[in-house]
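All remarks here apply to the structure that follows.
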Amino acid sequence: MTLLLDLEHPEQIDRVIKCFKMDEPVALPTETVYGLAAPLNNEKAIAKVYKLKARPYFNPLIVHVLDWEQAMRYLDNPPLIAQKLAEKFWPGPLTLLLKKNSRVPDLCTNASPWVAVRAPKHPHFRTILHRLNSPLVAPSANRYTQVSTVTAQDVIEELGPFGLEAVVEGGRSELGMESTIVQVLNDNELQLLRPGALSLESIKRFLGEGIKIYSAKKSEENLSPGQAAKHYSPKIPTFFIETQNDLMDIAHLDFSKSTLLRVFKKDAPWIDAKNFGKEFILSPENSDLMAATRLYRCLRDLESSNTSNIIAIKSSDDGLGLAINDRLRRAAGRG
Ligand code: TXA
Ligand code: MG
């Protein structure tokens, strides 16, 4: 059975450290989603992370650090702009892909010269980082291709049956959406590898004119292998409707047994909610932040409800809409 640890009791911090010493990963809360953590210097525990998730080894892991100073120990000559981004957005939902040095084991980068680093904000994650005084690798705490977890209970349901030793209780993840991943090519060029909880607009505003930020082209997407076409996927059939033409794809479904999932109330007025068994609106108030925060909770709740299909409607790509649409598209296997 998976232990639920409460770090308000200092001896439970020791318990986390003890698990790591026994080569067991521990699920920890972050402000984005829960992560399945193992020390960077413990290859046996890292191997178990892959096993528990049933994740292929070619899919590398994010290295979580306390701050830029700690990140620097693992990097090879990072461009100055990377430090500026870290100083502005860390701790928080921004992951930077940078050239690594030999302190980073090949096991967590798939032997690539690039490593993904981020400083998480959740105080419990930081407590453990302080105690270890070294980084933790942590993918999202869900089985490969499944929906990410945003509460300790989600993690227990998702990974408990596969032998997860312990999870730290950290409440509901504040943002509920993974970090934004940006590859820093040089001081003037960046590439967005995964939209996430930090909007592209916020990054652009900070970078100002003159610094380019490209969107990863399809052909280059295998650089971030987790961006597979099918990912973040509920256990029930999920469809993503971008335009009226896509309605043909769902014509064969029994709408009365399906759930219509809108991001905002105003999306796709050409679909009549009355035809569907249920309608769910992620943010009736039109807040992209609220919609992003509720997305995985909603998908998990629908998975365990009696609905037969999820029919998700594309919304605007503005702000966190880009990440929401990305996840819904992949949930439908159309990445
Ligand atoms: O918010 C987040 O980023 C969460 C929390 C736990 O920090 N973590 C997370 O990890 O979403 P994961 O493993 O589920 O997704 C990380 C993505 C994957 O698509 C992976 O392929 C990519 O980052 N990635 C990690 N290291 C990489 C590397 N060295 N090169 C290219 N892509 C990398
Ligand atoms: Mg993931």
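Keeping to segment 78-134, report how many residues are farther than 28 Å from ASN188 by Cα, part of a loop (DSSP other than H, G, I, E, B) and touching a residue at least 60 places away in the same chain (Cβ under 8 Å).
Going through segment 78-134 one residue at a time, the tally reaches 3.
Consider ASN133 carefully, then state whether it is touching an Asp or Glu at 6+ places or on another chain (Cβ under 7 Å) and either modelled with pLDDT of 95 or more or more than 16 Å from ligand 2 (Cβ to nearest atom) (or both).
no
For segment 92-125, which positions are of a type outside the set (Lys, Arg), open to solvent by 50 Å² or more (accessible area, probe 1.4 Å) and away from ligand 1 (no atom under 11 Å from the Cβ)?
The answer is SER102, PRO123.
When you scan segment 33-53, how many residues do you find that are more than 13 Å from ligand 1 (Cβ to nearest atom) and out of contact with any Ser or Thr (no Cβ under 9 Å at 6 or more places or on another chain)?
Selection size over segment 33-53: 7.
Does TYR144 qualify as being more than 11 Å from ligand 1 (Cβ to nearest atom) and in a loop (DSSP other than H, G, I, E, B)?
No.
Hey, among ALA141, ALA119, which residue is under 16 Å from the mean Cα position of the chain (by Cα) and more than 20 Å from LYS51 (Cα to Cα)?
Exactly one of ALA141, ALA119 is under 16 Å from the mean Cα position of the chain (by Cα) and more than 20 Å from LYS51 (Cα to Cα), namely ALA119.
Are there any strands (runs of 3 or more DSSP E) wholly within segment 232-331 with 3 or more residues that are at negative phi and within 23 Å of the chain's Cα centre (by Cα), and if so which?
238-241, 309-313
Among the candidates ARG300, ARG330, ARG262, which residue alone is open to solvent by less than 30 Å² (accessible area, probe 1.4 Å), over 24 Å from PRO139 (Cβ atoms) and of a type in the set (Lys, Arg)?
When all the criteria are applied, what remains is ARG262.
Go over the candidates GLU201, GLU157 one by one and state the one that is part of a helix (DSSP H, G or I) and free of Cβ contacts under 8 Å to residues at least 24 places away in the same chain.
The unique qualifying residue is GLU157.
Scan segment 174-208 for residues that are open to solvent by less than 20 Å² (accessible area, probe 1.4 Å) and among the acidic types (Asp, Glu) and jot them down.
GLU178
The values are calculated or read from the model by the stated rules, or taken from the named source; none is laboratory data. Small disclaimer: the values here were computed from a predicted structure and weren't measured. As a convention, Cβ positions derive from the backbone with ideal geometry for all residues, glycine included, and neighbour counts pool all protein chains shown. Remember, those area values only see protein heavy atoms, side chains included, never the ligands or the DNA or RNA. Shrake-Rupley method; radii C 1.70, N 1.55, O 1.52, S 1.80 Å.
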